[in-house]
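Nothing in this text is a laboratory measurement; each read-out follows from the coordinates by a stated rule. Just so it is clear, the model here is predicted, and its values are computed rather than measured. Please note: Cβ atoms are built from the backbone with ideal geometry, for glycine as well, and neighbour counts cover all protein chains shown.
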Amino acid sequence: MNFSSKLLENAVNEFSRLPGIGQKTALRLVLYLLNQQKIDVERFSETLVKLKSDICFCTICNNIADQTICEICSTPKRDKSLICVVEDTRDVMAIENTNQFNGVYHVLGGLISPMDGVGPSDLNIDKLVHRMKEEEEVKEVVLALSATMEGDTTIFYLYKKLKDFDIQISTIARGIAFGGELEYVDEVTLGRSIATRVPYERSIA
């Protein structure tokens with residue numbers, strides 16, 4: 001792609017580094033910003049810089065937050081005896097949108113994937129185990145991970161780590177097709193999968 005301006009080219013190259021954004025889409029976005037008022041572009045830029053500099057990760061569940069403890073963990077109305085383990089913040093948002101879950105979360109920050117060089121030590125698994133030792137009120141852990149090979153591998157590993165605790169370990173019902181990722185599942189299906197979760201032991205029997 002030939003550019004009439006080096007500044008334009010640099011901006012397009014930066015936008016095209018974003019996932020799912022090719023050069024044509026990046027060019028369209030850059031040209032859109034060029035047509036906006038300077039104050040609007042500055043606000044857009046400042047928002048991104050502030051996001052990167054000020055964002056926090058909850059010290060309890062690892063969810064993205066504005067404070068050291070996220071709103072979900074700090075809300076007394078949430079059922080602290082029920083922990084839902086998810087891959088990332090997008091899954092927290094997807095489950096919250098179903099209005100079918102009133103517990104708290106634990107965000108792993110990914111899935112075990114040897115092909116991608118991601119092992120258990122790269123995820124927030126040890127922190128989950130430590131949390132189980134410290135939080136005596138926990139009665140159930142729901143493993144709400146994507147129905148993929150990586151998701152199933154991670155679930156099996158977590159089960160091995162948690163099975164000696166005096167808790168129920170369950171997984172979401174398989175209303176979700178194999179290969180499906182939680183963030184793309186419709187709210188009704190995901191809500192039913194959470195509500196009709198089953199003990200993990202039954203799924204491997």
**OP:** Could you grab the pairs with beta carbons closer than 9 Å, sequence gap of 6+ or different chains, first residue in segment 126-141 and free of Cβ contacts under 8 Å to residues at least 12 places away in the same chain, second one assigned to a helix (DSSP H, G or I)?
**Re:** Asp126/Pro120; Asp126/Lys161
Original post:
Name the residues in segment 94-123 that are within 12 Å of the chain's Cα centre (by Cα) and touching a residue at least 40 places away in the same chain (Cβ under 8 Å), would you?
Top reply: Ala94, Ile95, Tyr105, His106, Val107, Leu108, Gly109, Leu111
Original post:
Pick from segment 1-32 the residues that are touching a residue at least 12 places away in the same chain (Cβ under 8 Å) and among the aliphatic types (A, V, I, L, M): which of them is farthest from Asp66 (Cα to Cα)?
Top reply: Met1
Original post:
Out of all the residues in segment 120-142, which are among the hydrophobic types (A, V, I, L, M, F, W, C) and within 11 Å of Ile167 (Cβ to Cβ)?
Top reply: Met132, Val138, Val141, Val142
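Quick grid of which residues meet (1) in contact with a Lys or Arg (Cβ under 6 Å, 6 or more places away or on another chain); (2) assigned to a loop (DSSP other than H, G, I, E, B); (3) not aromatic (Phe, Trp, Tyr):
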site	(1), (2), (3)
His106	no, no, yes
Met132	no, no, yes
Val138	no, yes, yes
Thr153	no, no, yes
Lys161	no, no, yes
Phe165	no, yes, no
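Residue-wise test of (1) crowded, with 17+ Cβ neighbours inside 10 Å; (2) in contact with a strand residue (DSSP E or B) (Cβ under 6 Å, 6 or more places away or on another chain); (3) of a type outside the set (A, V, I, L, M, F, W, C).
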{"position": "Thr98", "(1), (2), (3)": "yes, no, yes"}
{"position": "Pro114", "(1), (2), (3)": "no, no, yes"}
{"position": "Asp122", "(1), (2), (3)": "no, no, yes"}
{"position": "Val141", "(1), (2), (3)": "yes, yes, no"}
{"position": "Ala144", "(1), (2), (3)": "yes, yes, no"}
**OP:** Within segment 70-93, work out how many residues are hydroxyl-bearing (Ser, Thr, Tyr), part of a helix (DSSP H, G or I) and more than 15 Å from the chain's Cα centre (by Cα).
**Re:** 1
Original post:
Could we say that Cys84 is free of Cβ contacts under 8 Å to residues at least 60 places away in the same chain and either under 28 Å from Tyr159 (Cβ atoms) or surrounded by 12 or more Cβ atoms within 10 Å (Cβ to Cβ) (or both) here?
Top reply: no
